[in-house]
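Engineer: Please read through the structure below; I'll follow up with questions.
The values are calculated or read from the model by the stated rules, or taken from the named source; none is laboratory data. These numbers were taken from a predicted model, which means no experiment stands behind them. Note: ideal-geometry Cβ built from the backbone for every residue, glycine included; neighbour counts use all protein chains shown. What goes into the accessible areas is simple: the full protein's heavy atoms, side chains included, and nothing from ligands, DNA or RNA. Shrake-Rupley method; radii C 1.70, N 1.55, O 1.52, S 1.80 Å.
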There are 4 protein chains.
Amino acid sequence: MVGVAVIGAGYWGPNLVRNIQATPQLRLTSVCDMNLARAEAVLGRYSTVRATSSLQEVLADPEVDAVAIATPAATHLEVAMAALEAGKHVLVEKPLASSYVDGHKLVTTAEERGLVLMLDHTFCYTPVVQRLRELVRGGELGDVQYVDSVRINLGLVQPDIDVLWDLAPHDLSILDSVLPDDVTPVAVAAHGSDPAGLGRACVAYLSVQLSSGAIAHAHVNWLSPTKIRTTIIGGSRRTAVWNDLDPIQPLALYDRGVDWPDGTEDRRVSYRIGDMVAPALPTGEALRAVMAEFAAAITEGRPALTDGRSGLRVLAQLEAASASLAAGGVFVPVENGRTA
Amino acid sequence: MVGVAVIGAGYWGPNLVRNIQATPQLRLTSVCDMNLARAEAVLGRYSTVRATSSLQEVLADPEVDAVAIATPAATHLEVAMAALEAGKHVLVEKPLASSYVDGHKLVTTAEERGLVLMLDHTFCYTPVVQRLRELVRGGELGDVQYVDSVRINLGLVQPDIDVLWDLAPHDLSILDSVLPDDVTPVAVAAHGSDPAGLGRACVAYLSVQLSSGAIAHAHVNWLSPTKIRTTIIGGSRRTAVWNDLDPIQPLALYDRGVDWPDGTEDRRVSYRIGDMVAPALPTGEALRAVMAEFAAAITEGRPALTDGRSGLRVLAQLEAASASLAAGGVFVPVENGRTA
Amino acid sequence: MVGVAVIGAGYWGPNLVRNIQATPQLRLTSVCDMNLARAEAVLGRYSTVRATSSLQEVLADPEVDAVAIATPAATHLEVAMAALEAGKHVLVEKPLASSYVDGHKLVTTAEERGLVLMLDHTFCYTPVVQRLRELVRGGELGDVQYVDSVRINLGLVQPDIDVLWDLAPHDLSILDSVLPDDVTPVAVAAHGSDPAGLGRACVAYLSVQLSSGAIAHAHVNWLSPTKIRTTIIGGSRRTAVWNDLDPIQPLALYDRGVDWPDGTEDRRVSYRIGDMVAPALPTGEALRAVMAEFAAAITEGRPALTDGRSGLRVLAQLEAASASLAAGGVFVPVENGRTA
Amino acid sequence: MVGVAVIGAGYWGPNLVRNIQATPQLRLTSVCDMNLARAEAVLGRYSTVRATSSLQEVLADPEVDAVAIATPAATHLEVAMAALEAGKHVLVEKPLASSYVDGHKLVTTAEERGLVLMLDHTFCYTPVVQRLRELVRGGELGDVQYVDSVRINLGLVQPDIDVLWDLAPHDLSILDSVLPDDVTPVAVAAHGSDPAGLGRACVAYLSVQLSSGAIAHAHVNWLSPTKIRTTIIGGSRRTAVWNDLDPIQPLALYDRGVDWPDGTEDRRVSYRIGDMVAPALPTGEALRAVMAEFAAAITEGRPALTDGRSGLRVLAQLEAASASLAAGGVFVPVENGRTA
């Protein structure tokens, strides 16, 4: 069994604690927070697990093989680097770090030391995204023609990051997980609005130009009183529509669509009127699957599905989005795509 | 009663015929199409109305006070100009013309001759948009912070125009109708994709920078097997969500939202958790209201709610969108806003 | 071409007029209403069709081969009998007549004279019900285990009939059309409530015991401010769910369900977790298909799909429901099932 | 703090354990199951709480002030009686017991000994039902004209009880909680079907005649592949519609409806076309509120909101439903209404 300590007992920490405890291959050794009372509160009155406010103590503990980090993004470089240098495997909340440069340091260090560095891109471990990955990469959808994602809700206006950095990592990591290896982001454009003069965008639109010529687009929004979380992946053969708020049938596959002319001079399109299928999907909490993958990557000495490199690719696109936002919406090339 | 001839018996013509016949203030005199059989087919076997293939004949008919034009956009300049020069009032399908310059000629001619030139911006006459207009212009929603519109469906790939020119006029005319007079479009950016190399965008995203600093955004798409038609108007006091596919409760007003700091140094926001209200709305076909407004504008000698100037403002934004698309997504200034 | 006159220009008459006019095999000769102005209003200002207030005149007209009757139910016996005796084929709104005895007279007369007597059970001609009929009778759903129907809305409280006689004919005619020939209603029970003392039920529940042991149940309600129209047909192999208010995907077929023990001593059940399929369906107005069937039955000299006998079977069940309601909800045998 | 032991570590036990641990006024002392391994599994690897297979040991423990019983219904009499006789307060899963007579013994014993006997009617502690209770009992809905409930899903076919005893307790306890004191059930009728010959109904319809003349109806069904959980409370002034599967806006209040004649000779009704309001509701797990009420009832020495008497009233109606089912669907008087 792999001994794991949780670092950070804030919003997400309790979920890590609960899921590590429920994973047979992992053993929760301790929960660490600068605020000891908060660490204790996460564990509750009935726990045998140790609470501590000392990161040094945790990193010095030989029973700790790995850490799961849920501290603010600005601290990821420092905390994760300390853990890696202490020889611990690392699972870290998104985003990997505050900048591409910082993230790159973590990736390099982990690779040099042969340690697992894994991103908690939770959505990538949902049954829906795993099915979408199979459908897209297995060719069942055909060529991806567009991806459209809407992720809007009343959300906490973050003190230091805008809505793009808060919400778009979900969409970008899903995209990273689902697309075939030869379809990579080449440029990113973003439009945003800050209607109350808070100094950061609360509504934003992100367009990612893919190497195939297709476009992936995300609408992220902290101000919407209705919650919408929908992703459409339009393919040349089928189209997948994922409504994350539908607990019963979140995924729908449409056989209907447009039949494209194939290289002939006749440029007319025709329409297929086909069935819709909502496939049966396994149930289960995604974070449980994150933990199983973390344990397996450590045990088998291999990169996790959402390894540090995937976190870097997301950071590259976030930085390009910020640059585009500042430059009035032009497409900004992405410096580090999937193959970099 | 105002005598009206319908010009063009294609896709939209039958709707014009049916609604003119049902409007007491109008009298349908004739239906004209280059293809006489098509004009006859629209009228059916039981009609007393005359079918003709001669536009000259229609325009020479003293019983014809006005024409309703539903021919392809490329012919609007020629047909509408002939009608105006023959002294007929004109109701024309969107877009007003193929270019801003052409549209401007029509507006000028109509104004010089004191004739009604009205756009059939049908959506502006739905009970929902009329209520939205009251809510926004009456101040009940507060300041408009963002407008987000999604209009996607399997759609006919048009032979000569892209998806922006096909679908975005709906969103732009609604915006034109709903926004207060002092909030005008200042710049437009568009991203699009042509995944099958047909030479025109089939998926597009439009961002309109408003003079207030807010952003209005539309997603238009011919390739989606699911039909979505939703418009969100986020206001500082309330937010309106319009689902055009919900026949029972298309409009929802949310009292919940974000309370913004008002100019003080404290930049923290707070949240209101309030009720949602779906207001009761009158029923009725929007095109019936279009016809009533056309008749009233003619009778009262006044501009229609969706007059030629509103059609020009939409054209200005469409041209800017095309320019942005060609230039890689930068914001292109709009030359002719509401006040031009 | 079959000449048809419409008798009754009230709520439903305009739909008959419109659909007869659009059916190539039929020719609309006249519209008859005791109130001549109402007949004229249905035809409008542009029609070549004759309006009249004289039923005698219509029935004496040799150009009239058939009549479509949309008068109040209490007049069906008189009007339809007169038409049959004048040698006219008859299409009549549901219910066939006010009582089983009256309906039987009409059926007998039509059969004796070799005339088509057809019920306008419009729902039976929708693409959904036609598909359900194929699925059930073709065995794809397996044995029908239960049928559950909800048909509720704010509805006009009728002056002379209760909610069962107003709305349940829809459900009973659908059931009659969909079930296999060897599954017949054997008894009917009804519970109802008249919360405002109007002397007739405004909310009612109908249970139909089928010869197979399964139960079919309908909830009909004039007082519900939400509109629901859902029918579930639970089969031993698949289950069909029809939401008539979903314009896009009204029909869903569930592969998941319960696997039953088959005669062995082991009485344990297991569960299938399967996909849901929303089949593509043809579009088109059901009343158009009613008219095509009426024309075909006349031309081919055969009974219509929803012939007088089907109307009689519905009447038998309505009378049993009324008897059960009066007797406190016991099951009342149905005297005339499918084979009578 | 009140010391509580959980008896029964099956399906529901983990929820009790989790919620007792999260309730400050309660202290979880032990978890008891005949199968010790199951009790241990519920607690997990990190718990300080004791697992045991000895009920005697639990009841002899002076630190145990109360027990929460989640064993099969057939054992409720024995286990709860032992607990009461040992002087422990009791929270018990529904139904209170297997029969009215057994339930009555428990109620009497608890009352004689001054102990809290509370039913875990969890739904009664949801924010929606608490609001419905206020709306109905406070008069905002007007007189209750009908209640319609649908609770269908693929469900485990129980080895010893039918679908009525499995699911209808939810609807009956909600009804018991929501209705005013002077509106009581007077008779119950039930129709059911056992399409696979398992010896118990898998689909059932329940009609409850209320003392006001209104009817409450429930459709319960183990065989439906679609999950529906909807309750409509139709009032003379407003109607409430609760969709328990809508996590965002579960409750809708309709101002529109029928305006009834009030005692005059004119029996015509008219219609109100009003708004719909979805009220903002507090969030929170209902079982947490159950635990708070259990603690408060013990501390304050008062009956709980869902006390043993409420469990008895539900049992009375379940027994009447079974009798009606056996007798072919007649209404069976309820022997013990709210005031008995």
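Engineer: In a solvent-free Debye calculation with one equal scatterer on each Cα, what is log10 I(q)/I(0) for region B:125-268 at q = 0.10, 0.15, 0.17 Å⁻¹, listed in the order of the q values?
Structural biologist: -0.38, -0.80, -0.97
Engineer: Once the label point is set 7 Å along the Cα-to-beta-carbon vector, what list of distances in nm do you get between A:Thr48 and its counterparts in the other copies?
Structural biologist: Distances to the matching label points in the other copies: 1.3, 9.4, 9.5 nm.
Engineer: Share of antiparallel DSSP beta bridges in chain C, in percent to the nearest 5?
Structural biologist: Looking only at bridges with both residues in chain C, the antiparallel portion is about 60 percent.
Engineer: Under 10 Å, Cα contacts only: if you run a Gaussian network model on chain D, which one of D:Asp160, D:Asp120, D:Asp33 comes out with the highest mean-square fluctuation?
Structural biologist: D:Asp160
Engineer: What does the charge add up to near A:Pro72, with Lys and Arg as +1, Asp and Glu as -1, over the other residues with Cβ less than 13 Å from its Cβ?
Structural biologist: -4
Engineer: In peptide C:236-242, what is the residue-averaged number of other protein chain Cβ atoms found within 10 Å of each Cβ?
Structural biologist: 2
Engineer: If the viscosity is 1.567 mPa s and the temperature 4 °C, what translational diffusion coefficient in µm²/s does Stokes-Einstein give for chain C when Rh comes from Kirkwood over Cα pairs?
Structural biologist: 61 µm²/s
Engineer: With contacts defined as alpha carbon pairs under 8 Å and 6 or more residues apart, what's the relative contact order of region B:203-306 in percent?
Structural biologist: That works out to 14 percent.
Engineer: Quick one: of the DSSP bridges fully inside the protein assembly as shown, what percent are antiparallel, nearest 5?
Structural biologist: Restricted to the protein assembly as shown, the bridges split so that about 60 percent are antiparallel.
Engineer: If I take every Cα pair under 8 Å that is 6 or more residues apart in region C:149-274, average their sequence separation and divide by the length, what percent do I get for the relative contact order?
Structural biologist: Averaging sequence separation for qualifying contacts and normalising by length gives 24 percent for region C:149-274.
Engineer: Here's a follow-up. How many angstrom lie between the Cα centre of region C:132-210 and the Cα centre of region B:240-257?
Structural biologist: Each part reduced to its Cα centre gives a spacing of 33 Å.
Engineer: For region A:1-116, place one equal point scatterer on every Cα, skip the solvent, and apply the Debye formula. What is log10 of I(q)/I(0) at q = 0.18 Å⁻¹?
Structural biologist: With one equal scatterer per Cα and no solvent, log10 I(q)/I(0) is -0.86.
Engineer: Looking at chain C as a GNM with Cα springs under 10 Å, which of C:Gly274, C:Gly13, C:Gly213 has the largest mean-square fluctuation?
Structural biologist: Maximum fluctuation in the GNM of chain C, among the listed residues, is at C:Gly274.
Engineer: Given the options B:Arg133, B:Arg272, B:Arg238, which has the most mean-square fluctuation in a GNM of chain B, springs set between C-alpha atoms less than 10 angstrom apart?
Structural biologist: Sorting by GNM fluctuation, first place goes to B:Arg272.
Engineer: OK, next. Might you work out the accessible area of A:Val188 for me, using a 1.4 Å probe with all protein chains in place, and round it to the nearest 10 Å²?
Structural biologist: 0 Å²
Engineer: So, one more: Regarding region D:183-311, what's the average projected area of the Cα-atom convex hull, expressed in nm²?
Structural biologist: One quarter of the hull surface, i.e. the mean projection, equals 12.9 nm².
Engineer: If you don't mind, another one. Closest approach to the C-A rotation axis by any Cβ of C: residue and distance in angstrom?
Structural biologist: Checking which Cβ lies nearest the axis yields C:Val277, 3.
Engineer: Continuing with the same structure: Across peptide C:322-328, what mean number of C-beta atoms from other chains lies inside 10 Å of a residue's C-beta?
Structural biologist: Going residue by residue through C:322-328 and averaging, the value is 1.
Engineer: So how much accessible area does A:His104 have, in Å² to the nearest 10, using a 1.4 Å probe?
Structural biologist: 70 Å²
Engineer: Any chance you could give the angle, 0 to 90 degrees and rounded to 10, that helix C:163-178 forms with the longest Cα principal axis of chain C?
Structural biologist: 70 degrees
Engineer: Something else about it: What net charge do the residues around C:Val58 carry, taking every other residue with its C-beta under 12 Å from that of C:Val58, with Lys and Arg at +1 and Asp and Glu at -1?
Structural biologist: -3
Engineer: Also, I was wondering about something else. Placing a label point 7 Å from Cα toward Cβ, how far apart in nm is A:Pro247 from its equivalents in the other copies, listed shortest first to one decimal?
Structural biologist: 0.7, 3.0, 3.1
Engineer: Roughly speaking, what is the centre-to-centre gap between region A:1-42 and region D:86-111 when only Cα atoms are used, to the nearest Å?
Structural biologist: Here the answer is 41 Å between Cα centres.
Engineer: Give, as a single signed number, the net charge of other residues whose beta carbon lies under 12 Å from the beta carbon of A:Val277, with Lys and Arg counted +1 and Asp and Glu -1.
Structural biologist: My count for the surroundings of A:Val277 gives -2.
Engineer: Run through all the Cα pairs of region B:52-94 and give the fraction in each 5 Å bin from 0, expressed as whole percent.
Structural biologist: 5, 25, 36, 25, 7, 1
Engineer: Also: Quick check for me: using +1 on Lys/Arg Cβ and -1 on Asp/Glu Cβ, what's the dipole size of region B:19-107 about its Cα centre, in debye to the nearest 20?
Structural biologist: Roughly 240 debye, rounded to the nearest 20.
Engineer: Between copies, how close do the C:Ser270 label points come, placed 7 Å along Cα→Cβ, listed in nm from shortest?
Structural biologist: Values, ascending and in nm: 4.3, 5.9, 6.3.
Engineer: Which angle between 0 and 90 degrees, to the nearest 10, do you get for helix C:308-326 versus the longest principal axis of chain C when only C-alpha atoms count?
Structural biologist: Between the helix axis and the principal axis of chain C, the angle is about 60 degrees.
Engineer: Let me ask something additional. If you average 1/r across every pair of different Cα atoms in the protein assembly as shown and take the reciprocal, what Kirkwood value do you get, in Å?
Structural biologist: Evaluated over the protein assembly as shown, this radius sits at 35.1 Å.
Engineer: OK, next. If you wrap a convex hull around the C-alpha atoms of region B:27-181 and split its volume per residue, what is the figure in Å³?
Structural biologist: 162 Å³
Engineer: Could you tell me the relative contact order of chain C? Use alpha-carbon pairs under 8 Å, at least six residues apart, and round to a whole percent.
Structural biologist: 19 percent
Engineer: What are the ³J(HN,Hα) couplings of region D:250-256, residue after residue, when phi is run through the Karplus curve with 6.51, -1.76, 1.60 and θ = phi - 60°? Round to Hz, x for glycine and proline.
Structural biologist: Each residue's phi maps through the Karplus curve to give x, 10, 10, 10, 9, 7, 7 Hz.
Engineer: Counting only other chains, what is the mean number of Cβ atoms within 10 angstrom of the Cβ of each residue in peptide C:207-215?
Structural biologist: Mean shielding count: 4.
Engineer: Follow-up. Pull out the extension gain between B:Arg272 and B:Arg237, defined as 0.36 nm times the separation in residues minus the alpha carbon to alpha carbon distance; nm, one decimal.
Structural biologist: 11.6 nm
Engineer: Taking θ = phi - 60°, what integer Hz values does the Karplus form 6.51 cos²θ - 1.76 cosθ + 1.60 yield along region D:116-130, in sequence order, with x for Gly and Pro?
Structural biologist: 6, 10, 10, 8, 7, 7, 4, 4, 5, 9, 6, x, 5, 5, 5
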